[in-house]
Amino acid sequence: MHGLTRPLLVSLVVLAAALAAVPLLNEYVLYVAMLAALFAILAVSFDVLLGFTGYLSLAHGALFGVGAYCCAYLTARAEVSFWLALPASALLTAVIGALVAVLAFRTRDLYFAVLTLGIGLVGHQLFLVASGITGGIGGFVGIPSMPEIALFGSPSQQKLVVALIGVWITYLAATAFVRSPLGVACQAVREDHVLAQALGIRIAVARLSAFVFGAFFAGAAGALFATFSNFVAPESFAVLAAGFQVVVLVVVGGMGTLWGPILGAVLLTALPESLRVASTYSLLAYGALLLAFIIFAPRGIAGFLIDGARRLRSARAGREPSA
Amino acid sequence: MTRKHLLAAAVAAAIAGQAGAAETVRIGELHPITGPASYYGLPESQAIRLAAEQINAAGGLDIGGETRMIEIVSGDTQASPTGGVAALRKLMADGVQIIIGPLSSGVAPALTPIIASADVVQIVDGSIAEGLTDGRRMFRNQATVGDYNLALERLAKARGYDSVAIMTDRFHAGFMESQDDLTAVFSEQGNAVVAEEYYKLGDTDFSGQLTTIAGADPDALIVRGYPSEGALITRQVRDLGYEGQIVWEMVSPPSTVMKNIDAATMEGVLNAIPPTTEDYLNLGNPRAIAMAEAYEATYGSVPGELAALSFDALHIVAAAIEKAGSIEPADIAGAMATLTAAEVPALINTYGAQEDGRLFDETGQVSLPGAVSVWQGEGWVPLTDLAAD
Amino acid sequence: MLELLPQQLANGLALGSTYALVAMGLTLIFGVLLIPNFAHGELYMLGGFLTYAGVTAGLDFWLAAVLATVLVMGLGVLVDRITFKPLEQASGLSLMISALAMSIVLQQIATITWGTEPRTIPNPVPGILRTPFASLTYHKLLIIAVMVLGAVGLWAILNRTRLGLSIRAVSQNRDAALLMGIEMWKVRAATFAIGAAFGALAGALLGAAFPIYPTMGVIPVLKALVVLVLGGIGSIPGAILGGLLLGVAEVLIAGYISSELQDIGAFVILVAMLLVRPQGLFGRAQIER
């Protein structure tokens, strides 16, 4: 596929820089960075649906949970190896995501948001009620850790490295997806649903694939989350927790770009941590920030950066002739 | 003191000397000090700070002959597992090796795997979920939900209830986990469980469940959860015409209860839990009164129901440090395991001694037996004779 | 169990009336202006808190409730100005996110002002009506009555006043209404004020029996969204019927199936409805735009 070389190279450089920083971090920063990386996986894959296809799903947090519980069950109860459980969880979440999508895409706009909200709430309730599998409100205790990778570092460093590579893979996959014919069709759906249909674009296939793509990586992120935490509880996957969080990350980072959500995930995970002391006000700041972004900067941080870069370039271009 | 201990103390003193005489003992506390759960978490955090200030004002800790002050480092769990883990990791990265907390049963199991594999000693002062302690590095001076249920089970047996209905907050991890055990004991004792209904924190309308319960008309209705909902349930089930005995199993400050129900409707409701700060105040416990007065003077509010547990937790840690003559987690844990209540004179709660007089059992758990109190007038009064009406 | 059915139906209707009361304001704003005002739950919460503040300051409950409602009507207009007005040209997606953000901001402002400890107002209508079939507290009867009166009042405003005519015109065809010289800002402000009034009134009335706290609006607005979808977004009769339906369904599930499944049941009904009749009971079929 043409045009993929540049994102591949750039992302490789960023990944290498991030990996090089790993040995410098203490346990706490490693944990926060690991969380940020998992949220980046969620956000990038979610943006394929929200930013590129134009559908607001609030069921993403529940799908994250499906991946987490699936991996927890496979590794703790069925004693499957983590490296097998990871793709299995992602696949199962993708299948469940496909079912949800078939249901949800009967509607659009607010109906779609409310329907996925309902599905997200049912999912959260099911994690609570199906206590035989999930451990119920008390949570799933005793999830085995990731097998140690003998080559390097402490367990916490290995977790972060795996999570960072996960972000990288997600980013590349999402880039490939949005540039594929399916991804182009998704963007046509976003721009004009009716026109896209009239032009003979198979919108059903396009948006379904965007949803399933998001679900697959949400499942993978969930599996990593479960293994890294050794414990998961339903409240992490509530609509108003992960389900809403991922929307904020994408909006603040920049809908419709794939690196924006990564920035959003990193900044919005780091910011509350650095504001820990003043956290009574941090949720207020969180809401105000989201409001300010959607009103004044609907393209997010990425929008700022793109505009800034363009201005810089045109300023330079303007100066060149006179030089 | 053995030679090894002397050596350890000397090394510790040398390290402390290197770092300057003002070196403090850093103790971390993990509670939800922001967000909705801060209503319970903040008083716990403040009680710990109060206890530390009092110890410091009295001259600090005597560690193997050397005097050191306590420094409390707060970590905000925000009552969420990831928030709790991040806060714990932050404390540990800051070099804190002694942890008090957490409050939430949803947070505690997320911390356990980290603490189990780190050089840290922990004392839980809030969560009542089963497990959580190992007697090696993890201790708890709060009751377990099993202790909570014990009083309930004894009450049901003594009163000879033929039929009971149970209403449980399904967002309460401890109560949900112990639901099956409780009903099993009831059935064994001949207290037939005729209805098991659920609700969740924040619910306001319980009419569907309560109509069923009132229809079954059991001898006793047991409500397990938090007092806001408990009061609403009590009021609504009475409105529906239920006249049997209502028994609560919840930490329920009369101030919260009275906001949601009138005193006449509450009259005669029983509550089966270990004594709370307020109970010790009512019983005239001098240490509880002193703590409450100091707390009000410092923070301008009354201490929460769980403040006495947090206050005790810090004193247990302080006593263990002095007994060990060391601030190494392994030494503190070792001292804690053999600590007796007599060695911690500041304790407010009345802990049941283990067989050999120690405070903690083999698994690091105190014995804090539940008691039954009855609502009279505008508050709880201890019930001395379970069988009597 | 069946002999309890009349009582359970009465329970369901009372619960459903609270849902309908909250949902009416939400659906009005959506129907007229195509704005999903998720911050409606926070207007409901503020209705409760301001009534509490009034009662604490020594006012009579009814006076406090009316004052709170008037204040929240103003706040509703303000919320529109800050949250939705700047996004007039934006997509529905932006409006939803903006509304969610406003919800968080209002919740946190309430937290900073009043703290997280739940407050209560003494019940102004104590007592129970007992009949051979069912018994209901006067408080519940009051809510049912206010819901019915509110619905009638809303109908009268929409169908018997000039303002109502303008609102209906905008709701049916915004561009045509503008061409006819209807002043959009007036319609917008009136719609938000009326919608907010329903939220505030519900908050004041329910605050008289249940705890008031900053996040108390979250669950009711989620339920109201379900009601909206059941009844058809933008339909007032749909909001009432949908509310009653949801209330009865929840109570019957808790009473006859399992109280553990109460929440799941409500949302399963929602999902089923969307599959069978995506536009809801009274909704207009979605116009492809």
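The values are calculated or read from the model by the stated rules, or taken from the named source; none is laboratory data. Everything quoted here is computed from the prediction, not taken from an experiment. Ideal geometry is used to build each Cβ from the backbone, glycine not excepted, and the neighbour counts take in all protein chains shown.
Filtered by the rule that a residue be touching a strand residue (DSSP E or B) at 6+ places or on another chain (Cβ under 9 Å) and assigned to a loop (DSSP other than H, G, I, E, B), segment C:196-219 gives C:Ala209, C:Pro211, C:Tyr213.
Residues of segment C:239-248 include none that is in contact with an Asp or Glu (Cβ under 7 Å, 6 or more places away or on another chain) and assigned to a helix (DSSP H, G or I). Is it fair to say B:Thr82 is of a type outside the set (A, V, I, L, M, F, W, C) and closer than 30 Å to B:Glu249 by Cα? So B:Thr82 fits the description; yes.
Keeping to segment B:248-264, report how many residues are part of a loop (DSSP other than H, G, I, E, B) and more than 17 Å from B:Pro382 (Cβ to Cβ). It would help to see each step written out before you state the result.
Just the residues of segment B:248-264 that are part of a loop (DSSP other than H, G, I, E, B), to begin with: B:250-253, B:261-262.
Now restrict to residues that are more than 17 Å from B:Pro382 (Cβ to Cβ): B:261-262.
Residues meeting the conditions: 2.
Applying the criterion of at least 3 residues that are crowded, with 24+ Cβ neighbours inside 10 Å and at negative phi to the helices (runs of 4 or more DSSP H) found wholly in segment A:70-135 leaves A:82-104, A:109-129. Considering only segment A:271-279, I want to know if a residue exists there that is farther than 30 Å from A:Leu74 by Cβ, among the charged types (D, E, K, R) and touching a strand residue (DSSP E or B) at 6+ places or on another chain (Cβ under 7 Å). Checking segment A:271-279: at least one residue is farther than 30 Å from A:Leu74 by Cβ, among the charged types (D, E, K, R) and touching a strand residue (DSSP E or B) at 6+ places or on another chain (Cβ under 7 Å). When each of B:Asp239, B:Asp262, B:Asp205, B:Asp219 is tested for being facing chain C (nearest Cβ under 9 Å), more than 24 Å from B:Glu177 (Cβ to Cβ) and in contact with a strand residue (DSSP E or B) (Cβ under 6 Å, 6 or more places away or on another chain), the lone residue that passes is B:Asp239. Counting the residues of segment C:30-44 that are within 11 Å of the chain's Cα centre (by Cα) and not in a helix (DSSP H, G or I) gives 3. Taking the criterion of being in a strand (DSSP E or B) and closer than 18 Å to B:Ile273 by Cα, the only residue of segment B:125-142 that qualifies is B:Arg140. Residues that are closer than 19 Å to A:Phe64 by Cβ and within 13 Å of another protein chain (Cβ to nearest Cβ) number at least 1 in the following helices (runs of 4 or more DSSP H) confined to segment A:157-258: A:203-229, A:244-253. The listed residues are C:Ile233, C:Ile240, C:Ile264, C:Ile257, and the only one of them that is in contact with a helix residue (DSSP H, G or I) (Cβ under 8 Å, 6 or more places away or on another chain), at the interface with another protein chain (Cβ under 9 Å from one of its Cβ atoms), hydrophobic (A, V, I, L, M, F, W, C) and closer than 27 Å to C:Leu4 by Cα turns out to be C:Ile264. For segment A:192-234, a tally of residues being farther than 17 Å from A:Leu74 by Cβ, touching a residue at least 12 places away in the same chain (Cβ under 8 Å) and out of contact with any helix residue (DSSP H, G or I) (no Cβ under 6 Å at 6 or more places or on another chain) returns 4. The set of residues in segment C:82-111 being assigned to a helix (DSSP H, G or I), under 18 Å from C:Val32 (Cβ atoms), more than 7 Å from chain A (Cβ to nearest Cβ) and more than 20 Å from the chain's Cα centre (by Cα) consists of C:Lys85 alone.
In the set (1) out of contact with any Ser or Thr (no Cβ under 7 Å at 6 or more places or on another chain); (2) within 11 Å of another protein chain (Cβ to nearest Cβ); (3) modelled with pLDDT of 90 or more, C:Ala151 fails one condition alone, (2). For segment C:206-217, the count of residues that are more than 27 Å from A:Gly136 (Cα to Cα), within 13 Å of the chain's Cα centre (by Cα) and modelled with pLDDT under 95 is nonzero. Summed over segment B:197-222, the residues that are in contact (Cβ under 8 Å) with a residue 12 or more places away in the chain and either part of a helix (DSSP H, G or I) or touching a Phe, Trp or Tyr at 6+ places or on another chain (Cβ under 6 Å) (or both) give a count of 15. Being farther than 26 Å from C:Asn37 by Cβ, of a type in the set (Gly, Ala, Ser) and either part of a helix (DSSP H, G or I) or touching a residue at least 12 places away in the same chain (Cβ under 8 Å) (or both), is that true of even one residue in segment C:125-138? Yes, some residue in segment C:125-138 is farther than 26 Å from C:Asn37 by Cβ, of a type in the set (Gly, Ala, Ser) and either part of a helix (DSSP H, G or I) or touching a residue at least 12 places away in the same chain (Cβ under 8 Å) (or both). Checking the structure you have, find out if any residue of segment C:179-195 is surrounded by 24 or more Cβ atoms within 10 Å (Cβ to Cβ), within 14 Å of chain B (Cβ to nearest Cβ) and not in a loop (DSSP other than H, G, I, E, B). Checking segment C:179-195: not a single residue is surrounded by 24 or more Cβ atoms within 10 Å (Cβ to Cβ), within 14 Å of chain B (Cβ to nearest Cβ) and not in a loop (DSSP other than H, G, I, E, B).
Checked against (1) closer than 26 Å to B:Leu210 by Cβ; (2) buried (at least 24 other Cβ atoms within 10 Å of the Cβ); (3) of a type outside the set (Gly, Ala, Ser), C:His40 passes all but a single condition, namely (1). Taken as a whole, the condition of being within 14 Å of chain B (Cβ to nearest Cβ) and either part of a helix (DSSP H, G or I) or not polar (S, T, N, Q) (or both) does not apply to A:Phe46. Consider segment B:76-96 and keep the residues that are over 13 Å from B:Glu29 (Cα atoms), of a type in the set (Gly, Ala, Ser) and in contact with a Gly (Cβ under 8 Å, 6 or more places away or on another chain). The one that is nearest to the other protein chains (Cβ to nearest Cβ) is B:Ser80. For first residues located in segment A:98-109 and more than 10 Å from every other protein chain (Cβ to nearest Cβ), partners that are surrounded by fewer than 16 Cβ atoms within 10 Å (Cβ to Cβ) and lie 6+ apart or on another chain with Cβ distances below 8 Å form the pairs A:Phe105/A:Ala204.
For segment B:158-177, the set of residues classified as of a type in the set (Gly, Ala, Ser), in contact with a strand residue (DSSP E or B) (Cβ under 6 Å, 6 or more places away or on another chain) and crowded, with 21+ Cβ neighbours inside 10 Å consists of B:Ala165 only. Among residues of segment B:61-72 that are farther than 15 Å from B:Ile27 by Cα and touching a residue at least 24 places away in the same chain (Cβ under 8 Å), those with a beta-carbon under 6 Å from a residue that is small (Gly, Ala, Ser) and surrounded by 19 or more Cβ atoms within 10 Å (Cβ to Cβ) at least six positions away or on a different chain give the pairs B:Gly64/B:Ala9; B:Gly64/B:Gly325. Considering segment B:277-315, the residues that are polar (S, T, N, Q) and surrounded by fewer than 23 Cβ atoms within 10 Å (Cβ to Cβ) include one that is nearest to B:Gly41 (Cα to Cα), namely B:Ser301. Residue-level check: of (1) more than 13 Å from chain C (Cβ to nearest Cβ); (2) surrounded by fewer than 21 Cβ atoms within 10 Å (Cβ to Cβ); (3) on the phi < 0 side of the Ramachandran plot; (4) more than 24 Å from the chain's Cα centre (by Cα), B:Asp180 misses just (4).
Rundown of residues vs (1) facing another protein chain (nearest Cβ under 10 Å); (2) hydroxyl-bearing (Ser, Thr, Tyr); (3) closer than 28 Å to B:Gly101 by Cβ, yes/no style:
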| site | (1), (2), (3) |
| --- | --- |
| B:Ala116 | yes, no, yes |
| B:Met138 | no, no, yes |
| B:Asn149 | no, no, yes |
| B:Gly160 | no, no, no |
| B:Gln189 | no, no, no |
